[in-house]
Amino acid sequence: MPNIVIFSGSSHQDLSQKVADRLGLELGKVVTKKFSNQETCVEIGESVRGEDVYIVQSGCGEINDNLMELLIMINACKIASSYRVTAVIPCFPYARQDKKDKGRAPISAKLVANMLSVAGADHIITMDLHASQIQGFFDIAVDNLYAEPAVIQWIKENIPEWKNGIIVSPDAGGAKRVTSIADRLNVEFALIHKERKKANEVDRMVLVGDVKDRVAILVDDMADTCGTVCHAADKLVSAGATKVYAILTHGIFSGPAISRINNAAFEAVVVTNTIPQEEKMKHCPKIQVIDISIILAEAIRRTHNGESVSYLFSHVPL
C-alpha cells in the first residue's frame, strides 16, 4: 500500500500496532512529550508530504490530554503538506453530551467535532457512536463502523445455547441495536425501561418482555460505572433468566465498575478493545475481549483504495 502512513497516539498503542500489523505496515515515527507546564508537544518523525495519513487515537484514559494530542497530531500532519488526514477514533470522546437535555447544558460532542475539523481532519473513522446523529455534527465524511457483526459472531461461537437466548437492551435508547441483533440471530428481544434521577444513578427499572428459563444477553454501546447493566442483570435473574451475559462495545469501567461486575450475576462481560482492557482483566476474570482491529484495518484499507466501506456494517472481514 503506497502513500499511506499510520501514526499512533498514546491512548491505545496496542490497538494501533494490531491495525498496522494487519495492514502489513510499520507505525509512523512520532514522539509525544509534555513540557514541564503540562503542555503537549508532538514531533512527527518522518515526511508526510503527499501521503494519506491515518492517526489512531481512542477517547479513553486521560481523555482531555489524548484529545488535545490528537488535534495537535492532525494539525502537524496537515501543515506538513499531507494529502489527506483521517482520524481513527475507536471510542469517540464526549459522545454522551450529544443533545441539550436541560437548560444551559453544552453539546460537547459538537464542540469536539468542530475542533477536529478546524485542526484539519478530512475524514473520521469511529465505532458505535453513542448517538448516530453525531455524524451530522461534522461537515466532513464520517464512517461510523458497527461492532454488531463481531458481536453476533462471538455469540454464535461462545454461547452454546444461544438459540434459546433473548437479546435485552438495558435502556430504551438501545432498542434499535438489540432488535437488529435479535433479527439477525432469529431470537426474541426484551427492553428494560429505566428512570434516572441524576447522571450515573438509576432510580427504578421495569422489564418489558419474557426472559424466564432463557439465556439473557444484555447488549449496549457503552458501560461506564456499570450501575445500569448490573441493575439490569439482577432484574433479569429475578425474572427467571438462566444465565446473563453482557456485551458492550466500549468498556470504560470507571469508579466502582469492576467491583460491581465481580459482584453481579454475569457469566461473562464481553467488550471490544476500542479501549485498553489489560489492567481491568487482571482484576476481573469475567471480562472477555473481542478484537476489532481487523474491522478498523479493513476500513482504513478500503478508504485508502477508494472502495466502499458499507460491507463492514454487516460482515466481519476474514
Problem set entry | Between the stretch 28-46 and the stretch 134-194, the Cα center-to-center distance that results, in Å | 39 Å
Problem set entry | Paramagnetic reach from Glu278 (point 7 Å along Cα→Cβ, amide N under 15 Å) across the stretch 8-42 | 10-19
Problem set entry | Value of relative contact order over the stretch 1-74, rounded to a whole percent, pairs C-alpha under 8 Å and six or more apart | 39 percent
Seminar exercise, completed: Residue-normalised value, i.e. accessible area per residue, for the stretch 1-128 at 1.4 Å probe, in Å², stands at 48 Å²
Exercise. In nm, to one decimal, how far is the Val31 label point from the Asn263 one, both placed 7 Å along Cα→Cβ?
Worked result: 4.8 nm
For this session: Quick one: angle between helix 63-78 and the longest Cα principal axis of the chain, in degrees between 0 and 90, rounded to 10, please.
Result: 40 degrees
Exercise. Under a point spin-label approximation (7 Å from Cα along Cα-to-Cβ), what is the Glu307-Asn164 distance to one decimal in nm?
Worked result: 4.1 nm
Exercise. With Cβ to Cβ distances under 13 Å as the rule, what net charge do the other residues near Ile290 carry (K, R +1; D, E -1)?
Worked result: -2
For this session: Would you kindly compute the Cα radius of gyration of the chain and its largest Cα-Cα separation (Dmax), both in Å?
Result: 20.1, 61
Exercise. If you roll a 1.4 Å probe over the chain with all protein chains in place, what percent of the accessible area is carbon or sulfur?
Worked result: 50 percent
Seminar exercise, completed: Here the net charge surrounding Val85, from other residues whose Cβ is less than 11 Å away from its Cβ (Lys, Arg +1; Asp, Glu -1), is -1
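Per residue, how many Å² of accessible area does the stretch 239-313 show with a 1.4 Å probe?
38 Å²
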Problem set entry | For the stretch 122-176: rounded, prolate or oblate by the Cα gyration tensor [a/c cutoff 1.5] | oblate
Seminar exercise, completed: Check: C-alpha center the stretch 209-231 vs C-alpha center the stretch 61-90, spacing in Å is 35 Å
Seminar exercise, completed: Classified through the alpha carbon gyration tensor (a ≥ b ≥ c as square roots of its eigenvalues; rounded if a/c is under 1.5, else prolate when a/b is larger than b/c, else oblate), the stretch 37-92 comes out oblate
Seminar exercise, completed: When the charge dipole of the stretch 246-295 is computed with +1 at the Cβ of Lys and Arg and -1 at the Cβ of Asp and Glu, the Cα pointing farthest to the positive end, of Phe266, Pro256, Ile295, is that of Pro256
For this session: May I ask for the angle, rounded to the nearest 10°, between helix 148-158 and the longest principal axis of the chain, with both axes built from Cα atoms and the value confined to 0 to 90°?
Result: 50 degrees
For this session: Under 1.5 on a/c is rounded, so check that first for the stretch 214-255, then, if it is not, pick prolate when a/b is larger than b/c and oblate when it is not; a ≥ b ≥ c are the square roots of the alpha carbon gyration tensor eigenvalues.
Result: oblate
Exercise. How long is the gain from Glu46 to Ile294 if the chain were fully straight, where each residue apart is worth 0.36 nm and the alpha carbon distance is subtracted?
Worked result: 86.7 nm
Exercise. Once the Cβ-Cβ distance between Arg184 and Gln17 is put in as r, and R0 is 25 Å, what FRET efficiency do you end up with, to the nearest 0.05?
Worked result: 0.20
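Full extension from Arg104 to Asp203: what is 0.36 nm times the residue separation minus their Cα-Cα distance, to one decimal in nm?
Working it through step by step, the gained length comes to 33.3 nm.
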Exercise. Taking N as the number of residues in the stretch 185-272, what is its alpha-carbon radius of gyration divided by 2.2 N^0.38 Å?
Worked result: 1.03
Exercise. In degrees, nearest 10, range 0 to 90: what is the angle between the Cα axis of helix 227-238 and the longest Cα principal axis of the chain?
Worked result: 30 degrees
Exercise. So what's the back-of-envelope 222 nm ellipticity for the chain, counting only DSSP H runs of four-plus at -39500 (n - 2.57) apiece and dividing by all residues, rounded to 500?
Worked result: -9500 deg cm²/dmol
Exercise. Based on Cα positions only, what radius of gyration and what Dmax would you give for the stretch 33-181, in angstroms?
Worked result: 18.5, 58
For this session: For Ala172 and His315, calculate 0.36 nm times their separation in residues minus their Cα-Cα distance, and state this gained length in nm to one decimal.
Result: 48.9 nm
Exercise. Of the chain, which part is the longest with no chymotrypsin sites (Phe, Trp or Tyr not before Pro) in a loop (DSSP not H, G, I, E, B) and with at most 15 other C-beta atoms within 10 angstrom?
Worked result: 84-318
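The values are calculated or read from the model by the stated rules, or taken from the named source; none is laboratory data. Keep in mind the model is a prediction, meaning the values are calculated, not measured. We place every Cβ from the backbone using ideal geometry, glycine too, and count neighbours over all the protein chains shown. When the accessible area is computed, the model is the full protein with side chains, heavy atoms only, and any ligands, DNA or RNA have been set aside. Shrake-Rupley method; radii C 1.70, N 1.55, O 1.52, S 1.80 Å.
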